[in-house]
Each structure stands twice: as structure tokens, then as C-alpha cells.
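Below: the structure, in C-alpha cells.
The values are calculated or read from the model by the stated rules, or taken from the named source; none is laboratory data. Predicted model, so just to flag it, every value in this text is computed and none were measured. Positions of Cβ are generated from backbone atoms using ideal geometry, with glycine treated the same way; all protein chains shown enter the neighbour counts.
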Amino acid sequence: MRYYGGKEKLLDLIEIGVKKTELNHGAKFVDLFAGTTIVAQHFKKKGYTVIANDFLEFSYALAKTYIELNEEPKFLKLKKYLEVGQIDKNYVIGYLNNLSPKKGFIFDNYCPNGKGQRQYFSNENGQKIDAIREKIEEWKNLSVISELEYYYLITAVLEAVNLVSNVAGTYSAYLKIWDQRAIKPLILTSPEIIPSKRKNKAFKKDANQLIKEVKNIDILYLDPPYNSRQYAANYFILELIAEGWFGTKKPVANGKTGMINYDHQLSEYCYKGRADKALDNLITNVNAKYILLSYNNEGVIADSEIKRIFTKKGKVQLFKKTHKRYKSINQKENDPQNTEERLYFIETSLAIKRANKLDGGTWLQNSFSIWRDIAKNQEEIKLKHPAIFPLQLSERIIDVLTNGSGKNILDCFAGSGSTLIAGLKKGMNVYGIDISDEFQKLFFKRINNHYLPYKDSGKIKYFVKDAREITKYIEPNSIDLCLTSPPYWDILNARRSADLKIGRNYTNKTQDIGNIESYNNFIAELKKIMTEVAKTIRENGYCVMVVMDIRKGSKFYPFHSDVARIMEEIGLTFEDLLIWDRQKEYNNCKPLGYPYKFIVNKVHEYILIFKKYGHNK
Ligand SMILES: C[S@@+](CC[C@H](N)C(=O)[O-])C[C@H]1O[C@@H](n2cnc3c(N)ncnc32)[C@H](O)[C@@H]1O
């Protein structure tokens, strides 16, 4: 819908703010000045629980339809009333489209042959609007449509009217010459309902009043008017059609433009010198974790004033975008072509960012530096992957470092995909890259045979590629947690010293760093890969590497400390370290070196935790 100040083209800017909150899936998103509801719709589609409010009736109709309605209306009572065998939305919309034209309020006041001789609509379209709108009101009065079905039909009328109005954007005046669009016939189409499992809600209240009633908001989005143009005036015909002209309502079309009196719908946000007070008052009553405000450089509240008001609630950040200026009838020639659209982002004191979802007891248990109770499940024991680590380990690392659901997890040496399966179990989007197509196949086989219920829990992307090229496949700064276990140079072809089990190497490919003979060359190549991997991790994201030290013949290779060194050189911070005690798995140990040289039997691995701090360390 064409709407002055509509945010369809600025959704990307709003997304930046919403992403920063790190809240998703079910978080409560409140759009207090919803207008066309395009922003509220966008976040409903993304799975938020959405509240949309506006003090205008036509916006309320849109919000009832696109926000509150979660499934197609069924029109069951209407079916009975119309005595038809089958009914659905298309039938009802078709029924309304086929009504005979009728001369009524719209024709009289807003069509050229009516009393008012105004030309907002062609004579034919005006009569169609009258017939359709009156019929919907009749059904409502007979209680053969529900409240939501009523608003669904009103929405269909509003959208069709908007397409055939003879105006230049707003309804403050009609065009003297007929616009091509206005001579086309008015045809209703069925609104597309956005399915959702959440309890989404529409309100029609003054924003400053509603804010006192809605508590526990996660993200509050504010898009008040920026300037002196009152929406009720500029969209009075849409408002009139939504409200109707029936019963005790006696709207009067005034003057040349036929405007209806809208004194009861004046917005404080349209007045210089009053808008700042209204915003200040609203912010005082806010109970939200994050506040996002859209405004531009031409608004009636100065940037310094906005910052002053918001600073009372928390830290203010500003994101900007240059945007094509809305062209109005009053546009002067030297008016600038562009405006600077701004998004103010405020993190309030209620926004405590939890590191994870653990209760205190589990947090404590997992915080001890040695993890002794990790074991493979039956499926994993049967698998023939040389270095598979148990799902239980990946799941625990996910549990301690992330909030799980909705986040993005990566394994840059994905193998048979334990990290990815654990990620799916936690409802994450999972990304894997591996040089071997055999392992990719094995991963999907594992999913299909053993973990099918989790297959659709999140996005799955597994690339058979060289991890040095990871940024071609995975978006930079997108990964919340990279959890991986790198290959060991050609050690897997040798025998494990502790229990003499024979290792197995991964592939014969030259890009496979598991085939590099020299340890130093291997470390250098690993560093190249991890440099690229680090680019895919978001600010404050983690990279966890599960590694062990190696003895090859008489030489000891302190792999964990070399990994720590290269990761710090790459720019990640070595945050912490856990020991994964695997002693239970080693049941065939000998006294190494006995009796000449004491040598350690290595029965543990290191869980090395690195963090990408970016600029906010
Ligand atoms: C800039 S528009 C919002 C546009 C909307 N974000 C969109 O994308 O369509 C501002 C809206 O605020 C509404 N409004 C103005 N003052 C209000 C108030 N005090 N309470 C509730 N709504 C108000 C207007 O009716 C208008 O729809």
C-alpha cells in the first residue's frame, strides 16, 4: 500500500537493529505506530510474537487481518446465511465483486456525477465501493461474519480502493486529470494471511496510552509521524471507508477536497515543540528490553533531543541510510532529492543478555575444568569415522556458549557431522564444509537413519569444498559458534601411542591438510583455513577447537598450544580451556617408555575456546 512514511524500503535498516538484539523466535515485537503494518508483517513472518497498533481505523483493519489473523477465515456462518454448499475466501470476495453498483455516500461525495462533483473515484468505482461496503456492514450487523472476517473484508476493500484512487499518493486532494490507474475497474482480491503459531494482536489506541498497558516487551519499534502532516487528514478516505458512514456516524464531506473532520485523530507527534514531549512521555512509560526508533533528518524532533530522551533509558546507537525523498504535491524545486533515514537503537537496563539457557546448577556442573562424563551413543560407536566426537560433547558446548535455537553453527571440518546434528537437535541453522563427499553422504545418511525428527529444525547447508574458500559459501560475520576438530597432519596413518590402535586418514586429496607430512607446513595451512573461518564468525561469536597433543615416535607435538598461538595471531582471543577426559575409552594402555624414560599416556583432549571480540572488547 502506498503510504507516506511507509517503511517497506527501510526494512533492511530496521533489521540491523533487530539483529543486534539477538532476540528471535517468539520474542515480543511491538510496532506502536504500525500504519500499513508492513514492519509488523515482516517480523511476524520471521516468527516473532507481534503486536501492531495505530490509532487509525484503517490501519487497525490491516493489523487485524495481517497480524492477528493466523489462518484463512472460514466464513462458516455466512455459508449458512447465503445457503451455499461450499464457501471460502475466494467465494466471498467474488460475491462482493459481483454486487450490482449502488449510489451511496462515496458516489455522492467523491465521484464526478455525485453531488460533490469531486473526482477521487470514477462513477463506476464509487458505486462499487458503496455496494460492497454496505454489504459488509449488513453482514456484520446480522452477525453472519466474525470480527476478524469483517476486518479481512475491509482490508480487501481498502487495498482495492488504494489501487484505483485518483490521487498523487495521499488523499489531501484529488487529481484534476484522471490517472490511468483510477479508470481501471475496482476489483477486490483476497488478502494473503501470514500463518503463525503465536498469539499476535492488533490494537487501535493512542500510542502513549497503550504503552502503559503492554508490559514485558522485548523489542519496541517506534515509527511516529516525522512532520506536521496529519495521517488522519492525508488518508481520510481510507479512514472513512474503514469506519463507514452508517448508524449514528454522520460524516460530512467539507469544502473542495471533501475532507471529513478529523479533529479527534490529531497526533501530537506532528507538532514541533510538542512531539518531543509526547516522545519523552512515551519513553518514560516503556517497559522494553530494546527500543528502535525510525526518524529522519527533517523530522520535527531534533537529533540532540531524541538522544537526550533515550539516554534516560540506556545506551543509544544510531544507524543511517540515505533514502529517496517522498515526493509530495507541495514539493519545491530545490528541495533535496534524498533524506537521511535514521534508526536509533537503545538497549535498556532490562536487556540482560543471557549467555545461555542453563539453570545455576547445570551452569556450575559444566564450569568445572574437566569433563569426565562424555560418552558416545550406540549410533556413534558403530560409525567408522576416525575422529568423531560424541554428540553429547557438541551439545554441551552449544549449551554453555549459546542460546541455541535460531543461532548459526558451523563445522569447518564437518566430517560425519556430529556438530551439525547436535546443532539441529538444538534448533540451530547448521553449516558444514568438508573436502570429502563421502563424509557429506555419511552425514545425510546419519540424519535420515537416526535423527530424522530434527531434519527440519533449522537450515542445513553442507558444502563439499576446500575450507580455504569458505567465505564464498558462508556469509561473513554470520556464525554464532564454530565448533570443530581439525585433522592432524599425516598422523592418522600412524599408530596411536597410547593403545596402538591404527588410525585412518580422511581422503587422498592434496587439499586435505590431513595428508601434509611436515608438522610446520600443516600448522601453516591450518592457519590459512582458520583465518578464513574467522571471517565467517560474528562479533562476540565463538570458535571452539577440540584437539589433542600428539607424540610421533620420540617427538612430542604440543598441538593445542600451537593452535592457541595461531588463533591468537589470527585475531581471536583465547578465552578458556576445558579438558575432555577420555580415560574410560582407553582400556589397553602400557607403561610407555618403561623403565628408561617416563612418557605420558595421553587420555584427554583439549576443548579450546576462542572468542571474536571485534571492536567491543
Ligand atoms: C510513519 S507512519 C508509520 C508507518 C509504518 N511504519 C509503515 O511502514 O507503514 C506513522 C503512523 O503513526 C500513526 N500515529 C500517529 N500518532 C499516533 C498516536 N498518537 N498513537 C498511535 N498511532 C499514531 C499514524 O496513523 C501513522 O499510521
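For the range 65-82, state whether one or more residues are within 14 Å of the ligand (Cβ to nearest atom), of a type outside the set (Val, Ile, Thr) and at negative phi. The answer is yes; a qualifying residue exists.
Look through 247, 258 and report the one residue that is over 28 Å from residue 31 (Cα atoms), away from the ligand (no atom under 14 Å from the Cβ) and modelled with pLDDT under 95.
Values: 258 fails: modelled with pLDDT under 95.
Only one candidate qualifies: 247.
Taking the condition in contact with a Phe, Trp or Tyr (Cβ under 8 Å, 6 or more places away or on another chain), buried (at least 22 other Cβ atoms within 10 Å of the Cβ) and not in a helix (DSSP H, G or I), does residue 126 pass? Spelling it out, it is not the case that residue 126 is in contact with a Phe, Trp or Tyr (Cβ under 8 Å, 6 or more places away or on another chain), buried (at least 22 other Cβ atoms within 10 Å of the Cβ) and not in a helix (DSSP H, G or I).
Checking each residue in the range 305-323 for being touching a Ser or Thr at 6+ places or on another chain (Cβ under 8 Å) and either farther than 26 Å from residue 287 by Cβ or at pLDDT 95 or above (or both) picks out 322, 323.
Quick check, is residue 170 in a loop (DSSP other than H, G, I, E, B), under 36 Å from the mean Cα position of the chain (by Cα) and modelled with pLDDT of 95 or more? Walk me through how you get there before you give the answer.
Values: in a loop (DSSP other than H, G, I, E, B): yes; under 36 Å from the mean Cα position of the chain (by Cα): yes; modelled with pLDDT of 95 or more: no.
Against the criterion (in a loop (DSSP other than H, G, I, E, B), under 36 Å from the mean Cα position of the chain (by Cα) and modelled with pLDDT of 95 or more), residue 170 does not qualify.
Pull up the range 461-471, narrow it to residues that are in contact with a strand residue (DSSP E or B) (Cβ under 9 Å, 6 or more places away or on another chain) and surrounded by fewer than 20 Cβ atoms within 10 Å (Cβ to Cβ), then point me to the one that is farthest from residue 532 (Cα to Cα). It comes out as 461. Residue 271 fulfils the conditions (1) more than 14 Å from the ligand (Cβ to nearest atom); (2) modelled with pLDDT of 95 or more; (3) surrounded by fewer than 21 Cβ atoms within 10 Å (Cβ to Cβ) except for a single criterion, (1). Selection within the range 400-415: residues that are buried (at least 24 other Cβ atoms within 10 Å of the Cβ) and over 18 Å from the mean Cα position of the chain (by Cα). The member of this set that is farthest from residue 533 (Cα to Cα) is 415.
Name the residue that is nearest to the chain's Cα centre (by Cα), counting only residues in the range 177-214 that are among the acidic types (Asp, Glu) and within 15 Å of the ligand (Cβ to nearest atom).
Just the residues of the range 177-214 that are among the acidic types (Asp, Glu), to begin with: 179, 192, 206, 213.
After this cut, where a residue has to be within 15 Å of the ligand (Cβ to nearest atom) as well, the list is 206, 213.
Details: 206: 27, 213: 25 Å.
Going through the qualifying residues, I end up with 213.
Looking at 266, 282, which is the one that is within 16 Å of the ligand (Cβ to nearest atom) and exposed (fewer than 15 other Cβ atoms within 10 Å of the Cβ)? Let's see the steps before the verdict.
On the way: 282 fails: exposed (fewer than 15 other Cβ atoms within 10 Å of the Cβ).
So the residue among 266, 282 that is within 16 Å of the ligand (Cβ to nearest atom) and exposed (fewer than 15 other Cβ atoms within 10 Å of the Cβ) is 266.
Screening residue 134 against (1) assigned by TED's automatic domain parsing to the domain that holds residue 28; (2) more than 16 Å from the ligand (Cβ to nearest atom); (3) of a type outside the set (A, V, I, L, M, F, W, C) leaves a single unmet condition, (1). Among the conditions (1) closer than 24 Å to residue 429 by Cα; (2) surrounded by 14 or more Cβ atoms within 10 Å (Cβ to Cβ), residue 347 misses just one, which is (1).
Residue 226 fails exactly one of the following numbered conditions: (1) more than 10 Å from the ligand (Cβ to nearest atom); (2) more than 15 Å from residue 172 (Cβ to Cβ). What is the number of that condition? Against the list (1) more than 10 Å from the ligand (Cβ to nearest atom); (2) more than 15 Å from residue 172 (Cβ to Cβ), residue 226 comes up short only on (1). Listed by first and then second residue, the pairs linking a residue in the range 169-196 that is free of Cβ contacts under 8 Å to residues at least 40 places away in the same chain to a residue that is buried (at least 19 other Cβ atoms within 10 Å of the Cβ), with Cβ atoms under 7 Å apart and 6 or more places separating them unless they lie on different chains, are 179/166; 181/164; 184/164.
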